[in-house]
Amino acid sequence: MEHGDIYTADPEARDLICHSPIASVVSNPRLPDNPLIACNQSFIDLTGYSEEEIIGRNCRFLSGPGTEPWLTEAIREGVREQKAVLVEILNYKKDGTPFRNAVVVAPVFDDDGELAYFHGSQIELEEGAESPMVTRRARAAEKLKDLSKRQFEVLQMVAAGLRNKQIAYELGLSEKTVKMHRGLAMEKLGAQSSADMIRLAVEAGV
């Protein structure tokens with residue numbers, strides 16, 4: 001299977017992660033316990049769980065005996081406050097193998113400004129790898145230096161979960177112009193999807 005394989009019945013959720021090569025999921029906070037409603041093949045490959053074992057569950061099923069409760073709480077706080085968060089947490093694959101997981105969870109709002117989804121992406125860190133707060137943040141911040149002021153503004157709002165229509169209103173631009181700046185920002189950042197762009201922004205501390 002290709003990394004582009006997405007498992008969901010929700011076309012909007014599919015669009016959020018359809019081009020990301022990174023292990024990605026989408027949850028629906030409007031449903032009880034904020035269950036996962038979409039995942040890509042990369043997430044299945046990373047965790048060892050099947051689509052049937054993933055969809056409909058809260059992402060906490062990746063936790064285990066060594067998972068740091070304060071980091072779990074940091075994710076919960078981000079969800080409660082509807083803000084993007086990056087943590088490096090110990091998770092477990094289906095076969096019980098522990099792995100250090102650089103997790104980004106970010107809100108996505110609908111055109112009316114209401115919380116619609118949370119997008120989550122996961123990267124397995126190599127044993128002994130430096131914290132993403134050090135290495136990945138520096139690398140992401142370096143990439144952001146290539147953006148124009150307007151592209152950076154658009155990136156900030158994308159990372160905050162706003163749609164093109166909302167960004168256009170906030171910046172006093174047309175949606176067409178916002179799409180142009182968004183596309184140029186993605187190209188400069190080497191991001192394959194909006195989800196990847198959001199991850200880079202969060203890693204850079206935007």
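Going by the alpha-carbon gyration tensor, a ≥ b ≥ c the square roots of its eigenvalues, is the range 118-190 rounded (a/c under 1.5) or, if a/c is not under 1.5, prolate (a/b greater than b/c) versus oblate? Verdict is prolate for the range 118-190. The radius of gyration of the Cα set in the chain, together with its Dmax, comes out at 16.4, 51 angstrom. Surface analysis of the range 50-206 yields an accessible area of 51 Å² per residue, using protein heavy atoms and a 1.4 Å probe. For the chain, the carbon plus sulfur part of the accessible surface works out to 52%, probe radius 1.4 Å. Starting from the Cα gyration tensor of the range 65-105, take the square roots of the eigenvalues, sort them a ≥ b ≥ c, and report rounded, prolate or oblate (rounded when a/c is under 1.5, otherwise prolate if a/b is larger than b/c, else oblate). Prolate is the answer for the range 65-105, as a/c is 1.5 or above and a/b outweighs b/c.
If you line up the long axis of helix 194-203 against the longest principal axis of the chain, both from Cα atoms, how many degrees apart are they, to the nearest 10? Taking Cα atoms only, the helix is inclined about 80 degrees.
Based on C-alpha pairs under 8 angstrom that are at least 6 apart in sequence, the range 1-141 has a relative contact order of 21 percent. For the range 1-76, the extents of the C-alpha atoms along the principal axes are 34, 27, 20 Å, listed from largest to smallest. Angle of helix 69-81 to the longest C-alpha principal axis of the chain, folded into 0 to 90 degrees and rounded to 10: 40°. Computed over protein heavy atoms with a 1.4 angstrom probe, the accessible surface ordering of GLU68, GLU53, largest first, is GLU53, GLU68. Ranking GLY120, ALA140, VAL104 by how far each Cα lies toward the positive end of the dipole of the range 89-206 (charges on Cβ) leaves ALA140 at the top.
A Förster distance of 35 Å, applied to the separation of the beta-carbon atoms of ALA141 and SER50, puts the FRET efficiency at 0.40.
The values are calculated or read from the model by the stated rules, or taken from the named source; none is laboratory data. Please read all numbers here as calculations on a predicted model, not as lab measurements. All Cβ positions, even for glycine, are placed from backbone atoms using ideal geometry, and neighbour counts span all protein chains on display. Heads up: the accessible areas ignore ligands, DNA and RNA and are worked out on the full protein's heavy atoms, side chains in. Shrake-Rupley method; radii C 1.70, N 1.55, O 1.52, S 1.80 Å.
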